[in-house]
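The values are calculated or read from the model by the stated rules, or taken from the named source; none is laboratory data. None of these values were measured; they are calculated from a predicted model. Neighbour counts run over all protein chains shown; Cβ positions are idealised from the backbone, glycine included. Side chains are part of the model used for accessible areas, which takes the heavy atoms of the whole protein and leaves out ligands, DNA and RNA. Shrake-Rupley method; radii C 1.70, N 1.55, O 1.52, S 1.80 Å.
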Amino acid sequence: MSFFSSFTKEVIATGILLAIIIFLRIVTAKLIRRYAKLSSIMEHRTNLVIKYIELLIYMLAIICLIIIWGVQKKDILFTLSSATTVVGVAMFAQWSILSNITSGIILFFFFPFRIGDIIHVHDKDFPIKAEIEDIKAFHIYLKTDQGERITYPNNLLLQKGVSIITSKIEDKEFTD
């Protein structure tokens, strides 16, 4: 009982933070699903972006908990600098993975083409003309006219010029 009387403010602030986290998770998931529905984006891509945003919310919540419970600033800075150093070295080694994840999120929200579209990637050394079969977090799957299947990284899709040649799924007006 003395724990709660000693740390009443911290316990209440932690409860409020948990309520805010739950609220943010629900609201962001609904907003992203609404955007995905309006943009006709596939469900697995939507779930992937929701997971990324939830991860960001959790990281911010951990920082808030550290501040709420009064961890000393010098301890926070020491821990953050150590963690940043380790993460920085690891991420430098894995920059292409992060680049592909970031590109996947960008393509989710500002995606000019869809599965079924035939695209031409303007690469000087290896130009590609193919149909988009699937879009994942790190790469897209393409299929050429010759039946060749290509895995193409998302970050290169943003770096290279891409032309949409045709769309297999065309909007048609139907009349009765």
Test result for G104, on the phi > 0 side of the Ramachandran plot and modelled with pLDDT of 75 or more: no
Which numbered condition L80 misses (of (1) surrounded by 12 or more Cβ atoms within 10 Å (Cβ to Cβ); (2) at pLDDT 75 or above; (3) part of a helix (DSSP H, G or I)): (2)
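Which residues, counting only those in the stretch 35-46, are surrounded by 11 or more Cβ atoms within 10 Å (Cβ to Cβ) and of a type in the set (S, T, Y)? Even if it seems obvious, please write down each step before you answer.
Keep residues of the stretch 35-46 that are surrounded by 11 or more Cβ atoms within 10 Å (Cβ to Cβ), which gives 35-37, 39, 41-42, 44-46.
Across the stretch 35-46, the qualifying residues are Y35, S39, T46.
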Residue among I53, I67 that alone is modelled with pLDDT of 80 or more and either in a loop (DSSP other than H, G, I, E, B) or surrounded by 14 or more Cβ atoms within 10 Å (Cβ to Cβ) (or both): I53
Of residues in the stretch 127-143 being surrounded by fewer than 16 Cβ atoms within 10 Å (Cβ to Cβ) and closer than 15 Å to S163 by Cα, the one modelled with the lowest pLDDT: P127
Residues (within 15 Å of L107 (Cα to Cα) and open to solvent by 80 Å² or more (accessible area, probe 1.4 Å)) located in the stretch 4-34: none
